[in-house]
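Report on one structure; see the data block that follows.
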Amino acid sequence: MESLPCSSAVMQAPVVALMEVTSKCNLRCSYCFHFDSVTEHCKDLSKDEWLQFFAELQSLKVFTITLTGGEPFVRPDFLDLCQGASELGLRYRILSNATLITDADAARLAKIGRCSAVQVSLDGIGEINDAARGKGAFDKAVRGIRHLLNHGINVFPRVTLSHHNLGHLEEFADFIVNELKIPHFGTNMATVMGENGKNAAELEYNIHQYADAMREHQIVNKKYPGVIQAFAGPGAMLRHWKTALKAKRDNIPMVHGGFHSTCSLVYQRICVRPDGGILACSAFPEQVMGYINQDSLSDIWRNGKFINEMRKFRHKPLTDYAHCATCEYRPWCGGGCPAIVLQYISNDSTSCAGHTCLRKFLAVEPDFDFELDK
C-alpha cells in the first residue's frame, strides 16, 4: 500500500499563538500536569510585556490568539490584556475554568469584543466534576458560564475524561444541550504528558475503560449528532480508527499513513510560557527556544531547533519502531501524539500507549464495534 506524500511546508508565521498569561490557578485538578511542570514556577510577565508581544503577533498577521494559564482570570488585569488584543485587531479565545468570572467580567468582555469563545473546563455534573476539580467548582463554573451566555459570549465546555467521570458522558451531554442550551462541547482525556509520567497509572484509562468511553461517545453521537467536537482522547481516536479501518477495508491510501505524522500543531501553533519562554508545544515546557520581546518570533518559528525536530516526526516512517514494523494497520496509522509516544519509547521497541495504538487496543478488545458503514 503506497502512502500519500507528506507535506513539509512551513508558513511564514503561526496561525495561532497560545499564551499562558499566568502560572497561577485557583484550582488544583487531580489530573493536571501544570503542577508537575516548570511552568508552575515561572514568573508572570507584566501587562505591558504581553501587549508588546501582541503587537508583534499583529505585525506577523497571526490569525488568532489563545489566552490561558494557569487560570487567566486570576490576573486582575486580564481583561486589560483582552482589551489590548482587541484594539490591535486580534481575535482571541480564552481557556478558563470559569469559576472566577463575574457578571461584570462577562459584560466587559462582551463590550471589548473580538472574543471568539471561552472554552470552559467542566468534567461532569455536581460531585462528578468536583471529584477531580475540587468541592464547589461545579456551581461556580456554571455560574460563570451563565454570566457569559447572558452577555452573548460563545461558551465551549470541554470535558477531561478520567476515572472520576467514566460512565457519565450522556448525562453531561443532556445537561449541556438541554439545560445550558449550548450546541457543542469537546472531550479529551487525562493522560501522561510532559513531566507527569510518574502518575500514568492514576491518570490513564486501561484499554477496557477506554473502550467503554468510546462506546459512550457512540451513544451521545447518535442522541445528539455533531454535539461532541473531540480533538483528543477516546472521541478523537474513535473517529480516527473508524476512518483507518474503513480505508484498510476498502484498500484506500491515507495521507501520511505509515509515518509518525499525527501532530500538525507544530505547523500551525506556537506556545508561550508565563515568563515569555517560546515553546513548540506546551507539553514540553522545558524546551525553550527563545523569549518574547527579546528574540524574533518569526525566526524561531522557521528555525527553532526543537520545533524543527518535532516537525521531522512527520517524515519518520513507522518502520523505525520495532512494534510498528510488522503491524497490519501501519499504512493507515499516523503514529500518535509525539508528546505521549515519547513517554513509552524505550530503545525504539515500544511505539504508543495502548489507548493510541489500534493493534494494542484490538488485542484487548477484539470485538469492539466501530459501526463501520457498509
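The values are calculated or read from the model by the stated rules, or taken from the named source; none is laboratory data. The shown structure was predicted, so the numbers you read here are calculated from the model rather than taken from an experiment. When we count neighbours, we look across all protein chains shown, and the Cβ atoms used for this are built from the backbone with ideal geometry, even at glycine. We work out accessible area using only protein heavy atoms, side chains counted, and drop any ligands, DNA or RNA first. Shrake-Rupley method; radii C 1.70, N 1.55, O 1.52, S 1.80 Å.
Residues considered: 252, 219, 300, 307. Of these, the only one that is free of Cβ contacts under 8 Å to residues at least 60 places away in the same chain, part of a helix (DSSP H, G or I) and surrounded by fewer than 20 Cβ atoms within 10 Å (Cβ to Cβ) is 219. All of (1) assigned to a strand (DSSP E or B); (2) open to solvent by 40 Å² or more (accessible area, probe 1.4 Å) hold for residue 58 with one exception: (1). With (1) over 22 Å from the mean Cα position of the chain (by Cα); (2) in contact (Cβ under 8 Å) with a residue 24 or more places away in the chain as the list, and residue 271 as the residue in question, which single condition is left unmet? Going through the list (1) over 22 Å from the mean Cα position of the chain (by Cα); (2) in contact (Cβ under 8 Å) with a residue 24 or more places away in the chain, residue 271 breaks only (1).
Pairs are defined by a Cβ separation below 9 Å, a sequence spacing of at least 6 or placement on different chains, a first member in segment 56-69 that is at negative phi, and a second member that is among the acidic types (Asp, Glu); the pairs so defined are 62/56; 67/20; 68/20; 69/20.
Only one of these is open to solvent by 20 Å² or more (accessible area, probe 1.4 Å) and modelled with pLDDT of 95 or more: 164, 147. Name it.
Of the residues listed, the single one that is open to solvent by 20 Å² or more (accessible area, probe 1.4 Å) and modelled with pLDDT of 95 or more is 147.
Is it fair to say residue 47 is at pLDDT below 95, charged (D, E, K, R) and open to solvent by 50 Å² or more (accessible area, probe 1.4 Å)?
no
Among residues belonging to segment 310-336 that are among the charged types (D, E, K, R) and in contact with a strand residue (DSSP E or B) (Cβ under 8 Å, 6 or more places away or on another chain), point out the one that is least open to solvent (accessible area, probe 1.4 Å). It comes out as 314. Residue under question is residue 114, and the condition is that it be touching a residue at least 12 places away in the same chain (Cβ under 8 Å) and within 22 Å of residue 79 (Cβ to Cβ); does it hold? It is true that residue 114 is touching a residue at least 12 places away in the same chain (Cβ under 8 Å) and within 22 Å of residue 79 (Cβ to Cβ).
Exactly one residue among 81, 67 is hydrophobic (A, V, I, L, M, F, W, C) and not in a helix (DSSP H, G or I), and that residue is 67.
Evaluate the following for residue 95: is it buried (at least 19 other Cβ atoms within 10 Å of the Cβ), within 17 Å of residue 32 (Cα to Cα), modelled with pLDDT of 95 or more and touching a Gly at 6+ places or on another chain (Cβ under 9 Å)? Considered against the rule, which asks whether it is buried (at least 19 other Cβ atoms within 10 Å of the Cβ), within 17 Å of residue 32 (Cα to Cα), modelled with pLDDT of 95 or more and touching a Gly at 6+ places or on another chain (Cβ under 9 Å), residue 95 comes out as yes. Evaluate the following for residue 93: is it in contact (Cβ under 8 Å) with a residue 24 or more places away in the chain and under 16 Å from residue 70 (Cα atoms)? Considered against the rule, which asks whether it is in contact (Cβ under 8 Å) with a residue 24 or more places away in the chain and under 16 Å from residue 70 (Cα atoms), residue 93 comes out as yes. For segment 122-140, check the following and say yes or no: at least one residue is assigned to a strand (DSSP E or B) and of a type in the set (Val, Ile, Thr). Within segment 122-140 (the criterion being assigned to a strand (DSSP E or B) and of a type in the set (Val, Ile, Thr)), the answer is no, since none of the residues qualifies.
Of all residues in segment 264-273, those satisfying the criterion of being open to solvent by less than 40 Å² (accessible area, probe 1.4 Å), under 18 Å from residue 13 (Cα atoms) and of a type outside the set (Ser, Thr, Tyr) are 266, 270, 271, 272. In segment 222-249, of all residues being touching a helix residue (DSSP H, G or I) at 6+ places or on another chain (Cβ under 6 Å) and open to solvent by 20 Å² or more (accessible area, probe 1.4 Å), the one that is nearest to residue 191 (Cα to Cα) corresponds to 228.
In segment 46-57, the count of residues that are touching a Lys or Arg at 6+ places or on another chain (Cβ under 6 Å), over 30 Å from residue 132 (Cα atoms) and among the charged types (D, E, K, R) is zero. Of (1) open to solvent by 40 Å² or more (accessible area, probe 1.4 Å); (2) free of Cβ contacts under 8 Å to residues at least 12 places away in the same chain, residue 130 satisfies all except one. Which? Among (1) open to solvent by 40 Å² or more (accessible area, probe 1.4 Å); (2) free of Cβ contacts under 8 Å to residues at least 12 places away in the same chain, residue 130 violates only (1). Determine whether residue 188 is modelled with pLDDT under 95 and either among the acidic types (Asp, Glu) or not in a helix (DSSP H, G or I) (or both). Spelling it out, residue 188 is indeed modelled with pLDDT under 95 and either among the acidic types (Asp, Glu) or not in a helix (DSSP H, G or I) (or both). Of all the numbered requirements in (1) more than 29 Å from residue 358 (Cβ to Cβ); (2) touching a Leu at 6+ places or on another chain (Cβ under 8 Å); (3) in a loop (DSSP other than H, G, I, E, B), residue 294 misses one, and that requirement is (2). Restricting segment 274-297 to residues that are free of Cβ contacts under 8 Å to residues at least 40 places away in the same chain and hydroxyl-bearing (Ser, Thr, Tyr) leaves a set whose member that is least open to solvent (accessible area, probe 1.4 Å) is 296. For segment 326-366, which positions are among the acidic types (Asp, Glu) and either modelled with pLDDT of 70 or more or within 14 Å of residue 207 (Cβ to Cβ) (or both)? 328, 365, listed by residue number.
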